[in-house]
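The values are calculated or read from the model by the stated rules, or taken from the named source; none is laboratory data. Small disclaimer: the values here were computed from a predicted structure and weren't measured. Cβ placement follows ideal geometry from the backbone for every residue including glycine, while neighbour counts extend to all protein chains displayed. Protein only, heavy atoms only, side chains kept; ligands, DNA and RNA dropped before computing areas. Shrake-Rupley method; radii C 1.70, N 1.55, O 1.52, S 1.80 Å.
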Amino acid sequence: MAVLNDEVREQAKKVFSELKNRVKLVDFTQEVECRYCRENRMLAEELASTSDKIDVETFDFVKDKDKARECRVNKIPAMLVVGEKDYGIKFYGLPAGYEFASLMEAIKIVSNGNSGLAPESKEMLKKLSHPAHIQVFVTLTCPYCPQAVRLAHKLAFESELIQADMVESSEFPHLVNKYGVFAVPKVIINESIQFEGTLPEKTFIERMLS
Amino acid sequence: MDAERIGFFLPEEKKEEKHAADKEKTYELIIVGGGPAGLTAAVYSARKAIDTLLLTKDIGGQILLTQEVENYMGYQYIGGKELIEKFKQHVQRFPVVMKEKTEVVRITNDEKTFTVETRDGESYHAKTVIIAAGKRPRPLNAKGEKELVGKGVTYCSVCDAPLFSGQNVAVIGGGNSGLTAVVDLIKIAKKIYLIESFPSLRADAVLVEKAERSDKVEKFLGYEVLEVLGRGRVENIKIKPKQKDETKTLPVTGVLIEIGLIPNSYLAKDLVKLNDFQEILVDCACRTSVPGVFAAGDVTTVPEKQIVVAAGEGAKAALSCYNYLLGLR
């Protein structure tokens, strides 16, 4: 059975009819697929079927460990949104619920080559001198979370130094425990900077630069 | 997580903003708030060709946290997100300037204009204002609560309940929101303490039955919360029966507070008159104590906080505002 219903698929088709450049959804699963690994792969395949601009490539996290290392994938289910290059835009855990919108947004950003960040934000990003790994912990029922995920992905698109992951909390309880995630969205940057809630673009970048 | 139950929500349809919010000009009307009252006011003001700016933190307000709506006329059943999308599309048919992700913190007036200040330090000006800022979750005001927000204390059960998988949690509040949280948690938490200050639960019978059927749920009715304890994260909660002088300490890692809402009237507390519940006093035409300032929806004294009531009040506020502006012309 398909993961997307007909209505959602039709809407996605409509949204993706405006895509410009090719986008690849790179999916990592394993031979014996966990429930959401399977659904994550199916989601990538079903989205690819909605547009001739979207391709899908599936890897086995265990067998293709070199590819996983190259893509800096350290857990599954994982999905990367890749364009001309790998911008460091990742989804760990099935992006369902409110996060489906974040996935669609990431595809549009990569395909159309426009993050939509304000010019001042792009200017501020130039000050970043070290690699930044942004992890945004979410739940699928949180209406405020996609705002944080989208911003993190926009930043990754704009800066080669930034990797940005959506992390679906219930899929990775050990990480929820490790980082003390008690409220979402929770943002972790390079293990050291942590904050809850959604911040405006400028404030988010300031926190990252601090 | 249950993706089949949750489904896949499509992104909001984005329309290019025709006009950006202008800090230099004086609008005829600024609407504060993007819930049902504010959005309906926007439609009515646009139809009267009032030059309008709408400032809001989010579109939808409390409906954002509502899974399903079964009492909005014309829809026997509609998802909360879907209803918001329909409201938004309706407003976007008109040339209303809508600025989202903008939290208004203060409204002041001088002789002729009102100044609306935002959290980002920006100011906008208008001849009239409609305050439709809605409500926010009510805190318990228990010792330790404030310090542990985001560290186990949460006011958004819908968002954060999935984080407490396999853990002991306390849900505070025996109304529909509290019991909805309890029912959601039965599937994920290890143990759920339901704490209510009244001697009985006020939630709908169907929710109460579901909660009572689970042996994970333990009720403490007629209890108040004295303190939330923990170092860096919630570890315990101290409760006490209202009638007795004995305390109980329950080991929990999560405290989900669902004890109702308080009006977002602080942004106009020095401008207009409020009642004892901090609601903005309005007359039957949505006029506040200050000419030119109108208010609508949950932030006001109007009884019954319902989507359909808020929408109706929003319409009234915009029409009252129109009549007021006619007098100025």
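Checked against the criterion of being crowded, with 22+ Cβ neighbours inside 10 Å and either over 25 Å from B:Leu185 (Cα atoms) or of a type outside the set (A, V, I, L, M) (or both), the candidates A:Pro131, A:Pro185, A:Pro173 yield just one match: A:Pro185. Against the conditions (1) open to solvent by less than 40 Å² (accessible area, probe 1.4 Å); (2) at pLDDT 90 or above; (3) within 14 Å of chain A (Cβ to nearest Cβ), B:Ile6 satisfies every one except (2). Filtering the range A:94-107 to residues that are within 8 Å of chain B (Cβ to nearest Cβ) and farther than 20 Å from B:Ile84 by Cβ leaves only A:Leu94.
Quick check on this structure: which one of B:Glu227, B:Glu258, B:Glu218, B:Glu196 is surrounded by fewer than 15 Cβ atoms within 10 Å (Cβ to Cβ), away from chain A (no Cβ under 12 Å) and acidic (Asp, Glu)?
Working: B:Glu227 fails: surrounded by fewer than 15 Cβ atoms within 10 Å (Cβ to Cβ); B:Glu258 fails: surrounded by fewer than 15 Cβ atoms within 10 Å (Cβ to Cβ); B:Glu196 fails: surrounded by fewer than 15 Cβ atoms within 10 Å (Cβ to Cβ).
Being surrounded by fewer than 15 Cβ atoms within 10 Å (Cβ to Cβ), away from chain A (no Cβ under 12 Å) and acidic (Asp, Glu) holds for just one of B:Glu227, B:Glu258, B:Glu218, B:Glu196, which is B:Glu218.
Residue count for the range B:43-62 satisfying the condition of being over 20 Å from B:Glu12 (Cβ atoms) and charged (D, E, K, R): 3. I'd like to know if the range A:141-156 contains one or more residues that are away from chain B (no Cβ under 13 Å) and open to solvent by 10 Å² or more (accessible area, probe 1.4 Å). Yes. Scanning the range B:123-169 for residues that are in a helix (DSSP H, G or I), out of contact with any strand residue (DSSP E or B) (no Cβ under 7 Å at 6 or more places or on another chain) and within 18 Å of B:Pro251 (Cβ to Cβ) turns up just one, B:Leu163.
Quick check: is even one residue across the range A:111-126 touching a residue at least 24 places away in the same chain (Cβ under 8 Å), farther than 19 Å from A:Pro200 by Cα and surrounded by 24 or more Cβ atoms within 10 Å (Cβ to Cβ)?
Applying the first criterion (touching a residue at least 24 places away in the same chain (Cβ under 8 Å)) to the range A:111-126 yields A:111-113, A:115-118, A:120-122, A:124-125.
Subsequent filtering for residues that are farther than 19 Å from A:Pro200 by Cα retains A:111-113.
Okay, now just the ones that are also surrounded by 24 or more Cβ atoms within 10 Å (Cβ to Cβ), so none.
No: the range A:111-126 contains no residue that is touching a residue at least 24 places away in the same chain (Cβ under 8 Å), farther than 19 Å from A:Pro200 by Cα and surrounded by 24 or more Cβ atoms within 10 Å (Cβ to Cβ).
The rows are residues; the columns are (1) hydrophobic (A, V, I, L, M, F, W, C); (2) in contact with a His (Cβ under 8 Å, 6 or more places away or on another chain); (3) modelled with pLDDT under 95.
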site: B:Gln92; (1), (2), (3): no, no, yes
site: B:Pro95; (1), (2), (3): no, yes, yes
site: B:Lys99; (1), (2), (3): no, no, yes
site: B:Asp110; (1), (2), (3): no, no, yes
site: B:Ala126; (1), (2), (3): yes, no, no
site: B:Lys143; (1), (2), (3): no, no, no
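Within the range B:136-154, residues that are within 20 Å of B:Val105 (Cα to Cα) reach partners that are aromatic (Phe, Trp, Tyr) with beta carbons closer than 7 Å, at six or more positions or on different chains, in the pairs B:Pro137/B:Tyr155. What do you reckon, is A:Lys178 open to solvent by 40 Å² or more (accessible area, probe 1.4 Å), under 28 Å from B:Gly61 (Cα atoms) and either at pLDDT 95 or above or not in a loop (DSSP other than H, G, I, E, B) (or both)? So A:Lys178 does not fit the description; no. Quick check on the range A:30-44: of everything there that is open to solvent by 60 Å² or more (accessible area, probe 1.4 Å) and free of Cβ contacts under 8 Å to residues at least 12 places away in the same chain, which residue is nearest to the other protein chains (Cβ to nearest Cβ)? It comes out as A:Arg35. Filter the range B:79-104 down to residues that are part of a strand (DSSP E or B) and within 14 Å of chain A (Cβ to nearest Cβ) and give me whichever is least open to solvent (accessible area, probe 1.4 Å). Per the criteria, the residue is B:Gly79.
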